[in-house]
Each structure stands twice: as structure tokens, then as C-alpha cells.
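Chemist: Sending over a structure as C-alpha cells; questions will come in a sec.
The values are calculated or read from the model by the stated rules, or taken from the named source; none is laboratory data. All values derive from a computational prediction rather than experimental measurement. Virtual Cβ from ideal backbone geometry, glycine too; neighbours counted across all protein chains shown. Areas reflect the complete protein model, heavy atoms only, side chains present, ligands, DNA and RNA absent. Shrake-Rupley method; radii C 1.70, N 1.55, O 1.52, S 1.80 Å.
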Amino acid sequence: CFDISHLSGSAVVGSMVRFRNGRAEKKSYRRFRIRTVEGRDDPRAIGEVVRRRYSRLMREGSPLPDLVVVDGGRAQLAAAVSALREIGAGIPAIALAKREEQVYVPGRTTPLPLSRKEQGSLYLQEIRDEAHRFAIAYHHLLRKKEVAP
């Protein structure tokens, strides 16, 4: 699962968390400084980190995940799917939008009709929340380094 964190477009960072067999695999978490996107453009930033992560795994011959989850809505999902297609990674992707906890899938203009209380929906929220927590922690670390004397 990928998330982006920034403060009004500055110090833009990305995070990736990995869950395996229903549990967080913290040794596989990754942090990214956004290199190619200026300002507040979360979809392009998501595209960058997805492209960077899976391009590397493919070069190394490492196994790819069963599913990519991005924090966001249709725009973030479109960016992730575009990045995956660009590098030739046939990984399915979905997006989980905050507030309404809506799940978006490619090819649908409306979110999936999942109840916010369904077990699958709660699991996706847990994964997304962990990616969000990890992104914010990295963003705070970088900001702290910037202001340190």
C-alpha cells in the first residue's frame, strides 16, 4: 500500500507498507523522497513511487505482490495503474479513499458497494492507515532534520 505525505506541497514523501498473510511485514516497508513532482500533485507522486518500486523489483527478479493498494481515489488509482502498465507489471491495483472509505477499481467510475463495517473493508482500512502513519512519520523526520541547528 502506498501513500503520499507533504505540508502544502513541500517536503513531499511517499511510503510503502507490505502485508503478508494478514500481517504487517515491517522489514519490507519503504520510504521515498519524491524526485520528479513539484508541489501538491499526489497522483503523479503515487505514479512515481509505484514506478520506482516495481521497476526495481522487476530488475532484481524479485516476486511482485498480489495486489497494489493506493491511498486515494480515482486519480491516484489511474496514476498507479498507468505506472504499472508503463513498466509492464501485471499487478492488479485498487484505491481506498478516506472519509467515505470507498474502494475504487480500474474500469469503474463508481466505487465498489462495500459496507464500511465489512471485514474486507476494515482490513483495507488498516493497511491504508498503516501506510498513512508511516508516510507521516517520514515526513516529520525530514522536517525535523530541516529545522535542526
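Chemist: Report the residue count in region 4-19 for those that are on the phi < 0 side of the Ramachandran plot and either at pLDDT below 95 or among the aromatic types (Phe, Trp, Tyr) (or both). First the steps, then the outcome.
Modeler: Kept after step one, since they are on the phi < 0 side of the Ramachandran plot, are these residues of region 4-19: 4-7, 10, 12-19.
From what is left, the residues that are either at pLDDT below 95 or among the aromatic types (Phe, Trp, Tyr) (or both) are 4-7, 10, 12-14, 19.
Here the count works out to 9.
Chemist: Another question about this same structure. Within the group Ala89, Ala97, which residue is touching a helix residue (DSSP H, G or I) at 6+ places or on another chain (Cβ under 9 Å) and at pLDDT below 95?
Modeler: Values: Ala89 fails: at pLDDT below 95.
So the residue among Ala89, Ala97 that is touching a helix residue (DSSP H, G or I) at 6+ places or on another chain (Cβ under 9 Å) and at pLDDT below 95 is Ala97.
Chemist: Collect the residues in region 67-123 that are assigned to a loop (DSSP other than H, G, I, E, B), of a type in the set (A, V, I, L, M, F, W, C) and open to solvent by less than 20 Å² (accessible area, probe 1.4 Å), keeping them in residue-number order.
Modeler: Ala89, Ile91
Chemist: Let me ask something additional. Can you run down the residue pairs with Cβ atoms below 9 Å, 6 or more apart or on separate chains, where the first is in region 24-46 and within 22 Å of Gly73 (Cβ to Cβ) and the partner is in a loop (DSSP other than H, G, I, E, B) and open to solvent by 50 Å² or more (accessible area, probe 1.4 Å)?
Modeler: Every condition considered, the pairs that remain are Gly39/Ser8; Arg40/Ser8; Arg44/Thr36; Ala45/Thr36.
Chemist: Which fully enclosed strands (runs of 3 or more DSSP E) of region 1-58 have 3 or more residues being open to solvent by 60 Å² or more (accessible area, probe 1.4 Å)? Lay out the reasoning, then the answer.
Modeler: Numbers: elements: 2-7, 10-16, 30-33.
Strands (runs of 3 or more DSSP E) meeting the threshold: 30-33.
Chemist: Still on this structure, please answer the following. Kindly indicate which of Arg33, Arg44, Arg40 is of a type in the set (Lys, Arg) and over 15 Å from the mean Cα position of the chain (by Cα).
Modeler: Exactly one of Arg33, Arg44, Arg40 is of a type in the set (Lys, Arg) and over 15 Å from the mean Cα position of the chain (by Cα), namely Arg40.
Chemist: If you go through region 58-73 one residue at a time, how many are out of contact with any helix residue (DSSP H, G or I) (no Cβ under 8 Å at 6 or more places or on another chain) and at pLDDT below 95?
Modeler: Residues meeting the conditions: 1.
Chemist: Now for a different question. Please pick out the residue among Arg56, Arg52 that is basic (Lys, Arg) and under 13 Å from the mean Cα position of the chain (by Cα).
Modeler: Of Arg56, Arg52, the one residue that is basic (Lys, Arg) and under 13 Å from the mean Cα position of the chain (by Cα) is Arg52.
Chemist: Of the conditions (1) within 23 Å of Val103 (Cβ to Cβ); (2) out of contact with any Ser or Thr (no Cβ under 6 Å at 6 or more places or on another chain), Arg59 clears all except one; give me its number.
Modeler: So Arg59 meets the others, but not (1).
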